[in-house]
């Protein structure tokens, strides 16, 4: 025990023993500065200095742009830009897909054709038809009155009721005799209206011109987009009065009857109606007489 106590005293003495650090003038040996130090003071002071240096370096790296030079760290600004570019890319892809689909519909209208994989709505329930001979189809008086009332209200004036409950009123683009009617079996998705050359062709409803150009097969063509996904198409015109992007009011002159294009046989208007990418019979909604 005495030896251990003696050893501890010796260690304490060495740690607390005072030393004098003197700075002298080399030429005159004049004492300039002196410090009284001990091993314990030097150890504590050095440890605190190292800890402070580590803390200062950590703060400097964490809260200044210097951290960007350390492998593994990335710039906050670059992260923000990358996130914004990701969102913009997703938005552009969505817009591009929508635009491509929209252009495909326009090409389909110009070709006068529909995709093979589209459902033929007229024959959707063909397999579920019932033999008429087994059903009494004689109309009752109330049914006849209702049919007449609906036909009077809807025929030639309301194309389709949209979500807001408003009807799209369609007017005749030109008056004349129909030389060829709508026939989906032969892919004639239009009515051909015979009229004198240079007769004004009017817009069937208010809308925006989305196509106004010359085509080899159908001559001067103008296509208008209306609300509720309705497209009206006017082909074989003699001239065009409106350009792409123009807003047109209902009944406004947009072209003149002509005989242009390889598929024409005389002055007439080839008129089509498309509803959300599907052709419909214009004669069901417009009186051309």
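Bear in mind that the values in this text are calculations on the coordinates, not laboratory data. What you are looking at is a predicted structure, and each value in this text was computed from that prediction instead of being measured. Cβ placement follows ideal geometry from the backbone for every residue including glycine, while neighbour counts extend to all protein chains displayed.
Over region 157-284, consider all pairs of different Cα atoms and compute the Kirkwood hydrodynamic radius from their mean reciprocal separation; express it in Å, one decimal. Intermediate values should be presented prior to the final figure.
Values: mean 1/r = 0.0691 Å⁻¹.
When all Cα pairs of region 157-284 are included, the Kirkwood radius is 14.5 Å.
Please work out the Cα center distance from region 1-53 to region 238-289, rounded to the nearest Å.
104
Could you tell me the calculated FRET efficiency between residue 24 and residue 77, based on Cβ-Cβ distance and R0 = 51 angstrom, to the nearest 0.05?
Working: r = 55 Å, r/R0 = 1.08.
E between residue 24 and residue 77, to the nearest 0.05, is 0.40.
How long are the semi-axes of the equivalent ellipsoid of region 224-268, taking √(5λ) for every eigenvalue λ of the Cα gyration tensor, in whole Å from largest down? Each step should come with its number before you reach the end.
Details: eigenvalues 97, 30, 15 Å².
Taking √(5λ) for each eigenvalue gives 22, 12, 9 Å, largest first.
Per the Debye formula with a single identical scatterer at each Cα and no solvent contribution, what log10 I(q)/I(0) holds for region 7-62 at q = 0.13, 0.22, 0.28 Å⁻¹?
-0.58, -0.84, -1.00
Using 0.36 nm times the number of residues separating residue 276 and residue 178, minus their current alpha carbon distance, what extension gain do you get?
On the way: separation 98, 0.36 × 98 = 35.28 nm, distance 2.49 nm.
Result for the pair: 32.8 nm of gain on full extension.
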